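In what follows, a structure is listed as structure tokens, so that the remarks can point back to it.
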Amino acid sequence: MDLRKQQIAFYTALLFGALAAMGWGLKTAGIQGAMFGFFASFTLGGGLMCIWERSVVRSAFSLMATFCGVAGLFILLGHDFLAMAQILIYVGGILVLILFGVMLTPPDLNERQLPRVGLGVVAVVGALAFVGAKVAAVVNWAQAETLPPAETKAEQIGAAFLRADGYVIAFELAAVLLTVALVAAVYIARRKPSDLIDLTEEGGY
Amino acid sequence: MTVPNEHLLFLAAILFAIGVCGFFVRRNSIMVLLSVELMLNAANLTFLAGSRMHSTAARPELSGPIFAIFVILVAAVEAGVGLALVIALFRRKQTVSLDQLNELGD
């Protein structure tokens, strides 16, 4: 099967999976079930495309679908502040950073060779069988209860961060971690002074 | 939301499995970073499902979303430092393929 047919089959399977998830959700849990199916298929489809595509640019953009799907699930769960943070940080920050790093990597045309794909399929099936066995052992599907939404507001989260009996120490440590990571990233990725001298001697920059 | 909690946990588990799969199958170091991001997202979903399991309408449980915020923060830090490492590696070796970076192995 050549590459184009592979892609077409893969995307058709993704589309039908999404439609089936939405229909099943609509049948079992109404409009919210349909929305759950929509966002869940977005999430899983983006993740599958991310590890399927050979070019890193396509993987990064399909990861955007995953991040947006997870943000939709956050909204569905009532955490609208988290959804905003997810979109701002992941899509606006991390993904742009990764697309910048993609400039360094040519597409790896040998990525999807048969032994590696076979190993991947075995890994996926094994992982899903493990998870499915665990879930089937634990969950009583007939009595799966519906829960009230655990909504959070931004004020509650902010108050919990800054209360003395809350998470204030972790909050400050997070600030320290961000600062350290910023300095470390600049230090690791900078050009050494010797590189700069070489460049000026060659007339660049 | 009227979807049962188990479906959410199942979704997070599948997303985590996809991330693990990408982590082991792909040989590009940037793709390995992306797979780690997938796994962190799955962990976030699991945190929120657990918080939903233990909260009532009168007293919402806040530790799940707060842990999710910390996970997002650590993911940002990891992406920044990881990309810096990849750039430094590329400057030294002219490659980011994990198959060719085996000085410390064998």
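Could you go through segment A:66-72 in sequence order and give the Karplus-derived ³J(HN,Hα) for each residue, using 6.51 cos²θ - 1.76 cosθ + 1.60 with θ = phi - 60°, rounded to whole Hz, and x for Gly and Pro?
My calculation for segment A:66-72 gives 4, 5, 5, x, 5, 5, x Hz in order.
Considering only the other residues whose Cβ falls under 14 Å of the Cβ of residue A:93, what net charge follows from Lys and Arg at +1 and Asp and Glu at -1?
Details: positive: none; negative: B:37, B:78.
Once positives and negatives cancel, what remains is -2.
Could you state the accessible area per residue of the protein assembly as shown in Å², with a 1.4 Å probe and every protein chain left in place? Kindly include the intermediate steps, with their values, before the conclusion.
Values: 16680 Å² over 311 residues.
Result: 54 Å² per residue.
Which of the lysines could be linked to residue B:93 by a straight reach, that is with a Cα gap under 25 Å, when you skip same-chain ones fewer than 8 residues away?
Result set, ordered by chain and number: A:192.
Leaving out ligands, DNA and RNA, and with a 1.4 Å probe, what % of the accessible surface on the protein assembly as shown is carbon or sulfur?
Working: 11870 of 16680 Å².
Whole-percent figure for carbon plus sulfur exposure: 71.
Given a 1.4 Å probe and no ligands, DNA or RNA in the count, how much accessible surface is buried by A and B, both sides, to the nearest 100 Å²?
The summed interface area works out to 6400 Å².
Output wanted: per-residue J couplings in Hz (rounded whole) for segment B:92-102, from phi through Karplus 6.51 cos²θ - 1.76 cosθ + 1.60, θ = phi - 60°, x for Gly and Pro.
7, 9, 6, 7, 10, 6, 6, 5, 9, 9, 10
Highest GNM mean-square fluctuation, chain B, Cα pairs closer than 10 Å: which of B:86, B:25, B:96?
Fluctuation is largest for B:25.
Using 1/(1 + (r/R0)^6) with R0 = 51 angstrom and r between the beta carbons of residue B:98 and residue A:153, what's the FRET efficiency to the nearest 0.05?
Here the calculated transfer efficiency is 0.70.
The values are calculated or read from the model by the stated rules, or taken from the named source; none is laboratory data. These figures come from a predicted structure and were not determined experimentally. Cβ atoms come from the backbone with ideal geometry, glycine included; neighbour counts cover every protein chain shown. For accessibility, only protein heavy atoms count, side chains too; no ligands or nucleic acids. Shrake-Rupley method; radii C 1.70, N 1.55, O 1.52, S 1.80 Å.
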